[in-house]
Amino acid sequence: MESFEVTRKEQGNVMILYIKGYLDAHTAPMLEKELQGLVDEKKYNILVNFNELIYISSAGLGVFMGFIENIRNNKGDIKLSNMNSKIYRVFDLLGFPTLYDILEEEQEALKKFES
């Protein structure tokens, strides 16, 4: 089984999740648990940095869909940044760019939360 890691950092009113490795059906529950923890802590401005993500499956994509409505209902958002072109293509094929802000750089995404 491939490895997956999530680390988090707080930057102002935004929680940044750094995801690394392989996000698939086996590892998606780790990301789900992390996002649920943020919701439980009432931290609704979430930025996910994909810089070190190598692979994402439909199960990984489903995690984001499972949380977005609740987070937006609480006046928050999930923004995504630093995707390599292979990961971006998967999101693009499924229409995610119309649902989420997908930004090239973390700083750009953080600025979007300010506006």
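Derivation of every value follows stated rules applied to the coordinates shown; laboratory data play no part. Just so it is clear, the model here is predicted, and its values are computed rather than measured. Here Cβ is always computed from backbone atoms with ideal geometry, including for glycine, and neighbour counts include all displayed protein chains.
A few notes on this one:
- Distance between the 7 Å Cα→Cβ label points at residue 26 and residue 75: 4.3 nm.
- Cβ-Cβ FRET estimate between residue 57 and residue 5, R0 fixed at 25 Å, reported to 0.05: 0.95
- Rounded if a/c under 1.5, otherwise prolate or oblate - the range 57-115, Cα gyration tensor axes: oblate
- Once the GluC sites (Glu not before Pro) in DSSP loops with at most 11 neighbouring Cβ atoms within 10 Å are cut out of the chain, the longest remaining piece is 42-103.
- Spatially close Lys pairs in the range 4-114, defined by Cα atoms under 13 Å apart and a spacing of eight or more places or different chains, total 5.
- Read-out percent of Cα pairs over 22 Å apart, derived from the coordinates shown; its label in (i) 24; (ii) 46; (iii) 73: (i)
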